[in-house]
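Heads up, the thing below is written out as C-alpha cells.
Derivation of every value follows stated rules applied to the coordinates shown; laboratory data play no part. This one's a predicted model, so the numbers in the text were calculated from it and none came from an experiment. Please note: Cβ atoms are built from the backbone with ideal geometry, for glycine as well, and neighbour counts cover all protein chains shown.
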Amino acid sequence: MTFELQDVSDSWLAAVLALNETAVPHVNSIDLGQMQWFAEHAAYFRIAVSGSTLGGFLVGMRPGTEYASLNYRWFCDNYADFAYVDRIVVAPAARRQGLAQRFYADFAARSSGVPIMTCEVNIQPPNDSSMEFHTLQGFEQVSSQHTDGGDKEVALLVKELK
C-alpha cells in the first residue's frame with residue numbers, strides 16, 4: 001500500500017483520534033477537543049493516507065505555542081529553537097514501510113533553519129521499539145523526567161538537523 005502525506009483535515013480527526021488511542025500508553029490519551037486544538041495550533045499536523053486508509057500521523061510543535069505539555073515546556077526552557085515531535089503513531093498494518101522516517105524527514109524539511117528536532121520516549125513504561133528507532137535516527141538522550149504524577153518516566157531526546 002502506498003501512503004501519501006497530507007495536512008490533516010477535520011474529516012480525518014475522528015480516525016486520527018481512534019488511532020492515537022490504540023497507542024496509549026506510548027502516547028497520552030486525549031479527546032477530540034484536544035485533537036481539534038492540535039489541528040488549529042500545531043506547527044505540523046500531517047497524516048499518511050492511502051485511499052480511505054489512515055496509515056499514521058505526526059503532530060509537531062515549535063516554540064512559542066501555548067501548550068501545557070510538561071515535556072514540551074522542558075524543551076522550551078532549555079532550547080531557543082526546535083521542532084518538537086509531540087506524538088507520532090503508525091497503524092499496525094502500515095508499519096515497517098518507512099512512514100515514521102518519512103514523517104520525520106517531512107517535519108524537518110518544513111522546519112527549515114531549525115537547528116534541532118526534539119521528542120520524548122517512555123522509559124517507564126518502556127517503549128523499547130521507539131527508543132531503538134530514535135537511536136537509529138540519530139537522536140540522543142539529553143535528560144529524563146517523571147510525568148503523570150510519577151507514573152511515567154520519559155527520555156528527552158534531541159537530534160541535530162543539517
- Tally, over segment 63-108, of residues that are outside any strand (DSSP E or B), under 16 Å from F139 (Cα atoms) and of a type in the set (A, V, I, L, M): 3
- If we keep just the residues of segment 149-162 that are touching a helix residue (DSSP H, G or I) at 6+ places or on another chain (Cβ under 9 Å) and touching a residue at least 40 places away in the same chain (Cβ under 8 Å), which is farthest from A83 (Cα to Cα)? V154
- Task: Test each condition in (1) surrounded by fewer than 23 Cβ atoms within 10 Å (Cβ to Cβ); (2) more than 24 Å from G149 (Cα to Cα); (3) hydrophobic (A, V, I, L, M, F, W, C) for L70 and report the one that comes out false.
- Result: (2)
- In segment 10-39, the residues that are surrounded by fewer than 16 Cβ atoms within 10 Å (Cβ to Cβ), more than 18 Å from M61 (Cβ to Cβ), in contact (Cβ under 8 Å) with a residue 12 or more places away in the chain and not β-branched (V, I, T): D10, A14, P25, D31, L32
- Of (1) surrounded by 13 or more Cβ atoms within 10 Å (Cβ to Cβ); (2) among the small types (G, A, S); (3) outside any loop (DSSP other than H, G, I, E, B), S111 satisfies all except one. Which? (3)
